[in-house]
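All remarks here apply to the structure that follows.
The values are calculated or read from the model by the stated rules, or taken from the named source; none is laboratory data. Because the structure is predicted, anything quoted here is derived from the model rather than measured. Every residue, glycine among them, receives a Cβ derived from its backbone with ideal geometry; neighbour counts consider all protein chains shown. Areas reflect the complete protein model, heavy atoms only, side chains present, ligands, DNA and RNA absent. Shrake-Rupley method; radii C 1.70, N 1.55, O 1.52, S 1.80 Å.
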Amino acid sequence: ILNYTGILLDPEYPDSIHTIIEVLIRDKIAHTFYNKYTMLLDKDTNRFFEELLNCGFACKRWERDRCLWTVLEPSFDAVLKSRRTGEQRRWLLNKERRLFKDGDITVNCYTGKDITHEIISRIADIQKDSWLKEEGKAVLGQPFYQKLLFETGRAGMAYIWLMTKGDKDAAFICSFVVDDRLYLKWLSYRN
């Protein structure tokens, strides 16, 4: 799996890089590999690129500005005060009050074995009914992404926050955990 920091290699299966390359060659999936999002400091990613080059692939890496981590502000209120005008803060807080006033809102967090096929199906439905469908980015309905999310959940590397309004799913956020850092992957809400 390629992620923001590089290839996510299970330490139990260090030879899986060779298997990936064998599949690429056997099925003639590609002859060129280009990725501008992987991190140059990652040894497994570097090994992956070296192996691709040794097998005759053309590879291109893109130097990018790195942000290895971010400092989170102490609270949501602090973010609002430092990044929004008084008018914008009042508008957002008014929207929040109306949201919670209009119905029974709950937010549940799922990780590990709690990320079931049913949960994945529910968030895929939200994504399908959102603006992402029109942009061609509603991918969670595809079997590959469902399996990816299911397996990363089982490995304890995925978190899903699902918001329901009444008895209807309204929004979700899905994040991956890599090296004790949380990376936002998908978020969506119903139109």
### Message
Out of everything in segment 47-63 that is outside any loop (DSSP other than H, G, I, E, B) and within 22 Å of the chain's Cα centre (by Cα), what residue ends up being modelled with the lowest pLDDT?
### Response
Arg61
### Message
Every residue in segment 75-103 that is assigned to a helix (DSSP H, G or I), of a type outside the set (A, V, I, L, M) and either touching a strand residue (DSSP E or B) at 6+ places or on another chain (Cβ under 9 Å) or touching a residue at least 24 places away in the same chain (Cβ under 8 Å) (or both), please.
### Response
Asp102
### Query
Can you tell me which residues in segment 123-138 are of a type in the set (A, V, I, L, M, F, W, C) and either surrounded by fewer than 15 Cβ atoms within 10 Å (Cβ to Cβ) or out of contact with any helix residue (DSSP H, G or I) (no Cβ under 6 Å at 6 or more places or on another chain) (or both)?
Ile123, Ala124, Ile126, Trp131, Leu132
### Verdict on Leu68 being touching a Cys at 6+ places or on another chain (Cβ under 7 Å) and either at pLDDT 80 or above or part of a loop (DSSP other than H, G, I, E, B) (or both)
no
### Task
Among the numbered conditions (1) open to solvent by 90 Å² or more (accessible area, probe 1.4 Å); (2) in contact (Cβ under 8 Å) with a residue 40 or more places away in the chain; (3) under 30 Å from Asp10 (Cα atoms), tell me where Leu182 comes up short.
(2)
### Task
Quickly run through segment 90-148 and pick out the residues that are within 16 Å of Cys174 (Cα to Cα) and basic (Lys, Arg).
Lys113, Arg122, Lys128, Lys137, Lys147
### Query
What tally of residues in segment 104-156 results from selecting those that are closer than 16 Å to Asp167 by Cα and in contact (Cβ under 8 Å) with a residue 40 or more places away in the chain?
10
### Query
Which condition number in (1) within 24 Å of Asp180 (Cβ to Cβ); (2) β-branched (Val, Ile, Thr); (3) open to solvent by 60 Å² or more (accessible area, probe 1.4 Å) is the one that Thr111 fails?
(3)
